[in-house]
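Heads up: the structure comes next, in structure tokens.
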Amino acid sequence: MDFGGAKLRSNGTHDFKRTVLVVSIDGLRASYLDRGLTPHLLAISKKGLRAKSMKPIFPTLTFPNHWALMTGLYAESHGIVANNFWDPETDTEFHYNSITHSWNASWWFGEPMWETADRADMITANLMWPGPPTTRTGASPTYFIPWRDKVPLQEKHDQIMNWIDLPLEERPQLIVAYEPSLDQAGHSTGPNSPLVNSTLKQVDIFAKEIHESLVARNLTDIVDVVFVSDHGMTDTSHPELVYIDEILGDGFEKIEHEDGWPSMGIRFSPLANASEYLNILITAASQNSEKFDVYTYDTMPERYHFTDNPRIAPIYIIPKMGYALTTRKEGSDWMSKGNHGYDNDEPSMHAMFVAHGPFSSVTKALHIHQSSQPPSKPPSLLSRAVFGTSRRQARDLENANHGWHSTANDVYVMNPFENVNIYNLVVKLLGIEEIAAVTNGTVGFWDKYF
């Protein structure tokens, strides 16, 4: 794994620097890969790595999680605490679907991986990834194509390959790309619908065509491809409704700001008796513990990492799976048949991770080699020379509890891990760890895989 940074490797006709392609398929629930509809993603994972699942940050929404993937930070750290939310410090509201808001760099904290690569004098490319085109420090990807809806997958494939085919001095070493069609299908018709299954097949073909294009260019030992998603999807076609206006009575009219659907982050008017209405909500939650929870900064579960930011509302109502928060006036007619945003421990909220390239190939070879050694036998001098491993690393790879396990047909499945570790993987692959930003990822998480 000494191929990184500015070092060159030939594909037989041209020199290349180590390259990483990160592709996000919005809403690809981890368990979708077990439906028998993604033979190409599974074939890629057999050549590389697959995780049983990847745990999104809370809230399990698109914009918070795509920025977590880019920066390695929880929502309380990177500042995008929902798809829509109010900021009391600026008295303004963030709307994910408004360029005026979502492209304003002041909303976005943390350093995305393309900014780190830029600081290392690497060329980068961004194909519609959710987030701003320019960060708070003024950094921008070398190439940037803004989001458009209903862009054919073939067009996205061709753009990625156009970048890879550029001359060495113009070619990006980091490419990030985004595809929303599966998430849109899940919201429209639910995760178990024919539309989701047909869209799943289409994105699987997209993955196959990317892989085959890299094979045709003899780049599988040069380009690491990391397929991820931001969250899963659950069926919300017939949820049991929780009427917050009935619970709060006259207090509902005193809500000044409401954030974070399908949860409800509440800020009461300064003139309202917020503590009284909080007690009403807490009592209702205790009487309906199977339906929803109510949290404050002091009681929010630590595993959510969702308190230390003024943009997070001081009272949060979080529905349980199978339930939806609404009012008598709003009802349920406007609700989608599939949704996410629920507890990030829920399996249906979990995302997918599949990787292939020099990183995964070497890791897999190392695992196969070490697994063939007798348990008491340390790595041979040859294995240390070829694979650069230590006895501890070999032991970690052999032990499923330390990271992964093998299944039938030579498939290697990593144990579930948090998506805040993706940033550290990419900077490690690019050989720029020394200048990496501080993240919420686990220090040394990827060491046992190298």
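Bear in mind these aren't lab numbers, they're just calculated from the coordinates by the rules spelled out. Since this is a predicted model, take the numbers as computed values, not measurements. Note: ideal-geometry Cβ built from the backbone for every residue, glycine included; neighbour counts use all protein chains shown.
Worth a mention:
- The separation of the stretch 262-296 from the stretch 229-251, counted between C-alpha centres, amounts to 14 Å.
- Global geometry of the chain, whether rounded, prolate or oblate, following the gyration tensor of its Cα atoms and the 1.5 cut on a/c: prolate
- Backbone geometry of the stretch 146-152 corresponds, through the Karplus equation with coefficients 6.51, -1.76 and 1.60 at θ = phi - 60°, to 3J(HN,Hα) couplings of x, 5, 9, 7, 6, 7, x Hz, x marking Gly and Pro.
- Beta bridges per DSSP, both residues in the chain: antiparallel share near 55 percent.
- Sequence-distant lysines (8 or more away, or on other chains) whose Cα lies within less than 28 Å of Lys201: Lys46, Lys47, Lys52, Lys55, Lys150, Lys156, Lys337, Lys364
- Packing-based order for 190-197, 294-301, 43-50, using average beta carbon neighbours within 10 Å, highest first: 43-50, 190-197, 294-301
- Proximity of backbone amide H atoms, modeled 1.01 Å from N, is registered between Tyr178 and Ser24, Leu127, Trp129 at under 5 Å, excluding neighbours fewer than 5 places apart on the same chain.
- Set of lysines near Lys291 by C-alpha distance (under 16 Å), chain-local residues within fewer than 8 positions excluded: Lys320
- What the phi angles of the stretch 346-357 give under the Karplus curve with 6.51, -1.76 and 1.60, with θ = phi - 60°, is a coupling list of 5, x, 6, 8, 6, 9, 10, 9, 9, 10, 8, x Hz, glycine and proline written as x.
- Relative packing of peptides 279-291, 154-166, 347-359 - highest average C-beta neighbours within 10 Å first: 347-359, 154-166, 279-291
- Residue order for Thr60, Thr326, Thr13, Thr142, fewest other beta carbons within 10 angstrom first, comes to Thr13, Thr142, Thr326, Thr60.
- With R₀ set to 22 Å, the beta-carbon distance separating Thr90 from Asn279 gives a calculated FRET efficiency near 0.15.
- Judged by the gyration tensor of its Cα atoms, with axes a ≥ b ≥ c, the stretch 84-171 is oblate; a/c meets the 1.5 cut and b/c is at least as large as a/b.
- The stretch 240-339 - share of DSSP beta bridges that are antiparallel (%, nearest 5): 75
- Rounded to the nearest whole Hz, the Karplus-based 3J(HN,Hα) values (6.51 cos²θ - 1.76 cosθ + 1.60, θ = phi - 60°) of the stretch 291-308 follow the sequence 9, 6, 10, 10, 10, 10, 4, 7, 10, 4, x, 4, 5, 6, 6, 9, 9, 8, with x at glycine and proline.
- Highest mean packing comes first when the peptides 220-229, 94-103 are listed by Cβ atoms within 10 Å, giving 220-229, 94-103.
- Candidate cross-link partners of Lys329 among the lysines, defined by an alpha-carbon separation under 19 Å and a same-chain spacing of 8 or more, comprise Lys254.
- In the stretch 27-120, the GluC sites (Glu not before Pro) that fall in loop regions by DSSP, at most 12 other Cβ within 10 Å: Glu89
- Percent RCO, i.e. relative contact order, over the stretch 240-339, from Cα pairs under 8 Å lying at least 6 residues apart: 38
- Three-way shape label, the stretch 240-339, alpha-carbon gyration tensor, a/c 1.5: rounded
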